[in-house]
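Just so it is clear, none of the values below were taken in a lab; they were calculated from the coordinates. Bear in mind the structure is a predicted one, so any value in this text is a computation, not a measurement. Positions of Cβ are generated from backbone atoms using ideal geometry, with glycine treated the same way; all protein chains shown enter the neighbour counts.
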Amino acid sequence: MARLYESRKRILVTGGAGFLGSHLTDRLIGQGHEVICADNLFTGSKRNVEHLHNHPRFEFLRHDVCNPLKLEVDEIYNLACPASPVHYQYNPVLTTKTSVMGAMNMLGLAKRLRCRIFQASTSEVYGDPEVHPQREDYWGHVNPIGTRACYDEGKRCAETLFFDYHRQHGVEIKVARIFNTYGPRMHPKDGRVVSNFITQALNGEDLTIYGDGTQTRSFCYRDDLVEGFLRLMDSPPEVTGPVNLGNPGEFTMIELAEQVLKLTGSRSKVIHLPLPQDDPKQRRPDISLAKAKLGWEPKVPLAEGLKLTIEYFRTLA
Ligand code: NAD
Ligand code: UDP
Ligand code: UDP
């Protein structure tokens, strides 16, 4: 297609009305691109993209990625999928369908258009890891029949489809394995630990630690993560991933609760609730590959990112 503005791309973002998708959309619009956001609003919200309403380079399409999609774009970011355990376990069959059929349809689209496609994969492909920190060549430890499997196995199968479309059909793929990410526009009720603790602290409710709280996670601030997405998409064709994107700073849930209490000045107490099934005990990305191939590493420390997130949650009160 002859283009008036050669550097301006038309980009499809599935899941674009969600937490990460809406930030990615903001960055792409900021770079001068056109964005089509395809979302069925299952966990996302039009509010997340409300500020783009009437923007000449933004289009919202209410669409379920389980169905085929025919349009013309230069690049695809496939983010559509509920991400919080509470959301993805609400309708587990639909979660697997979304990951697998969504990947298949978007790959079919990328194959027809001969365009690059990015997949939002996850650290959950490592399951409850026996190798620490996790490198991309670790195959993982996932319970295929547990309550988290709809998400973990769905994302693993999506990775398989990405690599088979790449090998079989020459589709240019970019697979990111995203570790826990937080920041403004997280849904306050989405059930993830950062949003739960902040909401509870601001409302003077008890902070709910599941299990003994010694399990660890590594939390990445959303702006750092989205920068990683853009760098991966713009990397040379041979960089297919999977590439870990996350912040290697590792914290126990007890430490996270302490930080949230300190930064909010809350007098809430901490209580312990049962640990959900198959909850991974530890998680930390090895990001050597992202550093080497993308020149990427996170810049925002947890305390700073939490402050920004707390400010956002205060505005919702
Ligand atoms: P989110 O729930 O805020 O966003 C997901 C978006 O996908 C929502 O807008 C939702 O409405 C949409 N969606 C869900 N099912 C759909 C379907 N069938 N068709 C069309 N749209 C659909 O979650 P998020 O945190 O922004 O996550 C975005 C992506 O990143 C997901 O694929 C998730 O698995 C991945 N990821 C996120 C994290 C994290 O910590 N936030 C970590 C690892 C991977
Ligand atoms: N697909 C789509 N948009 C397109 C091209 C394909 O949604 O522009 C869907 C298509 O309906 C199919 C999937 O992507 O369900 C895989 O397409 P592919 O061409 O790989 O397989 P086939 O259509 O031959 O089964
Ligand atoms: N968690 C917790 N209290 C909460 C919510 C979650 O202690 O209110 C724990 C949860 O059991 C897990 C960790 O925090 O060990 C991260 O949970 P989250 O749902 O945010 O992400 P994921 O389990 O997918 O990493």
Starting from the Kirkwood radius over alpha-carbon pairs of the stretch 188-291, derive D by Stokes-Einstein at 20 °C in a medium of 1.002 mPa s and give it in µm² s⁻¹. 139
Kirkwood Rh over alpha-carbon pairs of the chain plugged into Stokes-Einstein at 25 °C, 0.890 mPa s gives a D in µm²/s of 123
For the chain, the helices passing both cut-offs (Cα extent along own axis of 20 Å or more, Kyte-Doolittle mean at least 0.0, full DSSP H runs) are 92-113, 302-316
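If you wrap a convex hull around the alpha carbons of the stretch 60-167, what volume per residue comes out, as a whole number of Å³?
Numbers: hull volume 12.2 nm³, N = 108.
That works out to 113 Å³ per residue.
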The stretch 9-94, Kirkwood Rh and Cα Rg, ratio Rg/Rh at 0.97
Entries of Lys97/Lys293; Lys70/Lys293; Lys262/Lys307 with Cα pairs more than 21 Å apart: Lys97/Lys293; Lys70/Lys293
Could you please state, rounded to a whole Å, how far the C-alpha centre of the stretch 218-255 is from the C-alpha centre of the stretch 111-161? 15
Take peptides 17-25, 208-216, 170-178 and line them up by average Cβ neighbours within 10 Å, highest first, as a rough protection proxy. 17-25, 170-178, 208-216
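With n ≥ 4 as the cut-off for DSSP H runs, can you work out [θ] at 222 nm for the chain, using -39500 (n - 2.57) per run divided by the number of residues, rounded to the nearest 500?
Values: 9 runs with 115 residues, N = 317.
It comes out at -11500 deg cm²/dmol, rounded to the nearest 500.
If you take the alpha carbon radius of gyration of the stretch 52-121 and divide it by 2.2 N^0.38 Å, what ratio comes out, to two decimals? Don't skip to the end; give the middle numbers.
Details: Rg = 13.4 Å, N = 70, 2.2 N^0.38 = 11.1 Å.
Rg over 2.2 N^0.38 Å, computed on Cα atoms: 1.21.
Could you sort the peptides 261-267, 43-49, 273-279 by per-residue average Cβ neighbour count (10 Å cutoff), highest mean leading? Kindly include the intermediate steps, with their values, before the conclusion.
Values: 261-267: 14.9, 43-49: 18.6, 273-279: 12.4.
Answer by packing, highest mean first, reads 43-49, 261-267, 273-279.
Quick check: net charge around Lys281, other residues with Cβ under 13 Å of its Cβ, Lys/Arg +1 and Asp/Glu -1? Could the numbers behind the result be given before it?
Values: positive: Arg217, Arg283, Arg284; negative: Asp128, Glu130, Asp212, Glu250, Asp278, Asp279.
Once all neighbours under 13 Å are counted, the net charge is -3.
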Normalized C-alpha radius of gyration of the stretch 157-204, against 2.2 N^0.38 Å? 1.86
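Counting only DSSP beta bridges with both residues in the chain, tell me the antiparallel percent, nearest 5.
Numbers: 3 of 38 bridges.
Taking every DSSP beta bridge with both residues in the chain, the antiparallel ones total about 10 percent.
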Sequence-separation-based contact order of the chain, relative, with Cα cut under 8 Å and 6+ spacing, percent: 17
Using the alpha-carbon centroid of each, what span in Å lies between the stretch 282-299 and the stretch 180-195? 22
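Scan the stretch 14-110 for GluC sites (Glu not before Pro) in coil per DSSP, keeping those whose Cβ has at most 12 other Cβ atoms within 10 Å, and list them by number.
On the way: sites: Glu34, Glu50, Glu59, Glu72, Glu75; in loops: Glu72.
Qualifying residues, ordered by number: Glu72.
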